[in-house]
Amino acid sequence: INAAGAVAMTINGNGRRATGVAHPVSHPIESDVVRGDDKSAMRIAYLNHSRGWGNMIEHMGFAVLYASTCVLVTDARALTGAALVAQAAGRIAYASAYAAGGPKARGSGFVLSMVGMAMPLGYTIVYMLNKKFAS
């Protein structure tokens, strides 16, 4: 997860440098964009770069919650580790594709990261149901 965060922050920083958007502006208006002839297009480019990072932060808490719950309840460490690797790889793909191609390009990274988040949650639910109803 730290690697995914580092990649997303780097992509965000590259977008900030390419457009000249200064800190602490996170949602620039056209007058905040310093570089480029088409300020509107450069603003959208910066927003595409920054949303990969923002979306990763929004999902990070759920990924950690599901993973830690799975380990504590089921002791399925290998599954949880694999799920977190899948989630991080998905977030790297998501942020990279979002920066390069905008919202339409982010689909495969999103699917992989959601699979990585759903694996520990689903396994925990199945494990608990099995414990509850197994005789």
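Residue-wise test of (1) exposed (fewer than 14 other Cβ atoms within 10 Å of the Cβ); (2) touching a strand residue (DSSP E or B) at 6+ places or on another chain (Cβ under 7 Å); (3) polar (S, T, N, Q).
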{"residue": "Thr19", "(1), (2), (3)": "no, no, yes"}
{"residue": "Ala22", "(1), (2), (3)": "yes, no, no"}
{"residue": "Asp32", "(1), (2), (3)": "no, no, no"}
{"residue": "Ala41", "(1), (2), (3)": "yes, no, no"}
{"residue": "Asn48", "(1), (2), (3)": "no, no, yes"}
{"residue": "His59", "(1), (2), (3)": "no, no, no"}
{"residue": "Cys70", "(1), (2), (3)": "no, no, no"}
{"residue": "Val73", "(1), (2), (3)": "no, no, no"}
{"residue": "Gln87", "(1), (2), (3)": "no, no, yes"}
- Inside the range 10-34, can you point out the residues that are in contact with a helix residue (DSSP H, G or I) (Cβ under 6 Å, 6 or more places away or on another chain) and assigned to a helix (DSSP H, G or I)? Ile11, Asn12, Gly15, Thr19, Glu30
- Item | Hits in the range 1-17 - residues which are in contact with a Leu (Cβ under 9 Å, 6 or more places away or on another chain) and either open to solvent by less than 50 Å² (accessible area, probe 1.4 Å) or without any contact (Cβ under 8 Å) to a residue 40 or more places away in the chain (or both) | Gly15
- Item | Matching residues, the range 97-122, being over 18 Å from Gly61 (Cα atoms) and open to solvent by 60 Å² or more (accessible area, probe 1.4 Å) | Ala100, Pro103, Lys104, Arg106, Ser108
- Query: Here are some conditions: (1) aliphatic (A, V, I, L, M); (2) surrounded by 14 or more Cβ atoms within 10 Å (Cβ to Cβ); (3) assigned to a helix (DSSP H, G or I). Leu65 meets all but one. Which one does it not meet?
  - Reply: (2)
- Message: Looking only at the range 123-135, filter to residues that are open to solvent by 70 Å² or more (accessible area, probe 1.4 Å) and polar (S, T, N, Q); which one of those is nearest to Tyr46 (Cα to Cα)?
- Response: Asn130
- Query: Can you tell me which residue in the range 13-70 is nearest to the chain's Cα centre (by Cα), limited to those that are of a type in the set (Val, Ile, Thr) and within 16 Å of Gly102 (Cα to Cα)?
  - Reply: Ile44
- Long-range neighbours under 6 Å by Cβ, at least six apart or interchain, first residue farther than 17 Å from Ile11 by Cα and among the polar types (S, T, N, Q) within the range 38-66, second open to solvent by 70 Å² or more (accessible area, probe 1.4 Å) and in a helix (DSSP H, G or I): Ser40/Glu30
- Message: Looking only at residues that are assigned to a helix (DSSP H, G or I) and among the aliphatic types (A, V, I, L, M) in the range 75-85, which one is least open to solvent (accessible area, probe 1.4 Å)?
- Response: Ala83
- Query: If we scan the range 95-113, do we find a residue that is out of contact with any Lys or Arg (no Cβ under 6 Å at 6 or more places or on another chain) and not in a helix (DSSP H, G or I)?
  - Reply: yes
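The values are calculated or read from the model by the stated rules, or taken from the named source; none is laboratory data. Computed from a predicted structure; not experimentally measured. So basically every Cβ, Gly included, is an ideal-geometry build from the backbone, and we count neighbours across all protein chains shown. Surface accessibility is based on the protein's heavy atoms, side chains included, excluding ligands, DNA and RNA. Shrake-Rupley method; radii C 1.70, N 1.55, O 1.52, S 1.80 Å.
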